[in-house]
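Here the structure is laid out as structure tokens; the discussion comes afterwards.
The values are calculated or read from the model by the stated rules, or taken from the named source; none is laboratory data. Being a predicted model, the structure only gives us computed values, none of them experimental. Every residue, glycine among them, receives a Cβ derived from its backbone with ideal geometry; neighbour counts consider all protein chains shown.
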């Protein structure tokens, strides 16, 4: 019997529940939308409770709290002041409460819920919960005196709560998750994180603990996570149901991810070619250019599986054609023919789309007929508006246009850009998101204060549902944002428009695992950095080329291997003659990725079938090794490979760039922090435009969609600018003052020329040495002109103390030290040298080598060099066995393309290593599908001391080989 289907039924049932324990136990404590209903309690005491069908509801101190099982290892905790203000079901959780056997017991201070895998103790004084496993070992607990705070608020005329809940963590506990936030560390202990989507921020409200539990919050507003001496808390601006989270426990971190996936949906399989290389840029401008690049990859025999068409294929960025799912007929005369040409080369095509739809498109007209676009104009074209992805009808109309304009033309995958959702800015900071998204008003489900962050989930759900309903081809979507549950929509995320630097590169490692650990298994990033403005000369700069080579080594071990960016032509074959050493590294990294496909693709099946995670923080495999808590630059790739990318320059070490002069040392003529500026149209200050104050001079004036055109200018070509004010010296001594930019710039100090580089040209850095006294005030004037192409200007300095601290040039050092976690032995992938765990080891890492270690007790199947992921399906495998412990690896095969695996059309067989007997057994094949390769040569290689090899011609029957 369900409670709260009708108001009268609720009153009758609640009255009966008080009188009848049996009926009380049949109450769910949930309304028809799955949200909490406060039941009358049988007692007016300070603490009272009612047993529910799948849990318990307590009342204490005016707070009503549900604790409901959603699985043996999962409970939902929901607390409010007796009223729930949701008007729609959860958009994240697809699971229903589970019939888990449990008992209740009481002491004078505690109510205990005991299930087979979870024990939950509820304080009768405050309602605080303690979570323990079935054996009584503590996972975590809510803060004892104030487990939550709830403040009634009214937003957009609707009631809600401002809510905070707090956990008391253990001192030696490590936390991961919450998505990508561009931090230097992956461990979230001691952090203060504003959880708002941005261009370079992927927010997923899921955290994972080294104590083998996770928490997912089912709230969609602006949130903040903070861990300090008061506890680990999560604040939400608008939580209509109050505090609402899911606790997930397990024996391993993988168990926790599995619980999350059961709550929010499994991650369906991608086509096998999605695990090959993606080549993308901003942007291929014509059909002919894109085809030429694809043909060059094949001609140069550089492996590739996807080529990507970025924005503006529809027409202009300044008119109403924006993202109308149509092709500009002049530059893309035959998109269907283009797709066929790519498919004939065994390549797939991915195409960019946006949630903003141009006013002059048929799609916009169809949406407007149902009032399904929001009023604010998208900031780039000023002729496009965001569609309402919260509306089922809106999602259907949007997908229908995608199908007709793109998928029916042969497009294989969608790249859904700007899904934070981008409205009135390029989404560089959270404040813009909050302002712009709230300005959209209300959507089909409610106001945007409560539905601030999950737009990407809804829009990718719409395209996934549409594709599944109209095709048996596997869906693959790339999106700039994500949310809890996104994995069920076949959506992968990437870390946005990042800048090329060694620091940013290292942040991809720390941040990437904070995405995947949440249960969203597929993530990628712009290899080499989207913007390359910090490396003067771009591809001509050997320092950037070194960074690019190291970055692709990392990308080879991402869930998805993808090259993308602007500023630099970075197709790998371009470096064959420009820098053969870099080209050799790029090729080896890509070939290694393709050789590892027999390892990667079966693990992607494990992601789908067993809730697995491919790219893993070390904590997931070594949760009890506290040394891993502070390691942010290495990770596990599958169960066997420890990857330690090189994140520092070795061959082209340059001094760190002078820091941008901060506002505190700059003053405008009227005393404001910064310098006073003015823009002019024309490259010689011809037509005055907007005046402004810059707190610092650090500009790259990116094209839309990455930033708006500033200062009243009509174009970002052929303009000039001037800044004036003063600089105050903070130290005695000799300073380095510098301007970095392209085209013309000059610096004047106290009316005297100090830097003069007043000509068209590529980005460059010019500096001057100047001696000042501490406190000396110097008049500053900076002038700049831009002619065409890229544009940038930065005013930097190096203090006297910083100049003295610059390191002297030293000899080449290619040594890399790596921590190998304890409780396992390890092998160097390249040399097969064996090491004990729990120590740091050092190896040489020249430009073509990434430090890579294999856990003892591993089986790693590898394939041949191929040009695309599905080439040579019957090729032999090399099966590498790393002894030291027993090992099992399940080989998985299917048609690589369709959802027939959901109908059982796939095959598996187990590779099993018995370490004591030194025997590798190959199990009998299970299952079949039409294109199954019936026979395959397996070349078994035993690594380490006494290395040896054997061969098996496997035909589906069990076989084994023994090593002496």
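For this structure, a couple of remarks:
- Condition check for residue 365: under 28 Å from residue 443 (Cα atoms), modelled with pLDDT of 95 or more, more than 30 Å from the chain's Cα centre (by Cα) and in a loop (DSSP other than H, G, I, E, B): no
- Within the range 666-680, not a single residue is surrounded by fewer than 14 Cβ atoms within 10 Å (Cβ to Cβ), in a loop (DSSP other than H, G, I, E, B) and modelled with pLDDT under 95.
- Every listed requirement among (1) surrounded by fewer than 22 Cβ atoms within 10 Å (Cβ to Cβ); (2) in a loop (DSSP other than H, G, I, E, B); (3) touching a helix residue (DSSP H, G or I) at 6+ places or on another chain (Cβ under 9 Å) is met by residue 771 save one, (2).
- Out of 617, 702, 656, 623, sole residue that is modelled with pLDDT under 95 and surrounded by 14 or more Cβ atoms within 10 Å (Cβ to Cβ): 702
- Residue that is modelled with the lowest pLDDT [pool: residues in the range 535-563 that are outside any helix (DSSP H, G or I) and touching a strand residue (DSSP E or B) at 6+ places or on another chain (Cβ under 7 Å)]: 536
- Verdict on residue 840 being under 24 Å from residue 679 (Cβ atoms), part of a strand (DSSP E or B) and under 32 Å from the mean Cα position of the chain (by Cα): no
- In the range 939-954, the residues that are assigned by TED's automatic domain parsing to the domain that holds residue 911 form Cβ pairs under 9 Å with partners that are exposed (fewer than 14 other Cβ atoms within 10 Å of the Cβ) and in a loop (DSSP other than H, G, I, E, B), at six or more places apart or across chains, as follows: 941/947; 946/964; 948/964; 953/935; 954/935.
- Residues satisfying the stated conditions in the range 402-433, i.e. buried (at least 24 other Cβ atoms within 10 Å of the Cβ) and on the phi > 0 side of the Ramachandran plot: 418, 427
- Strands (runs of 3 or more DSSP E) (entirely within the range 25-78) containing at least 3 residues that are in contact (Cβ under 8 Å) with a residue 60 or more places away in the chain and closer than 24 Å to residue 94 by Cα: 63-71
- Some residue of the range 220-239 being in a loop (DSSP other than H, G, I, E, B), free of Cβ contacts under 8 Å to residues at least 24 places away in the same chain and farther than 26 Å from residue 433 by Cβ: yes
- Scanning the range 294-312 for residues that are surrounded by fewer than 18 Cβ atoms within 10 Å (Cβ to Cβ) and either more than 13 Å from residue 338 (Cα to Cα) or touching a residue at least 60 places away in the same chain (Cβ under 8 Å) (or both) turns up 296, 298, 299, 300, 301.
- Looking only at residues of the range 885-902 that are under 16 Å from residue 641 (Cβ atoms) and surrounded by 19 or more Cβ atoms within 10 Å (Cβ to Cβ), we find that the one that is nearest to the chain's Cα centre (by Cα) is 889.
- All positions within the range 137-169 that are loosely packed, with under 14 Cβ neighbours inside 10 Å and assigned to a loop (DSSP other than H, G, I, E, B): 137, 145, 157
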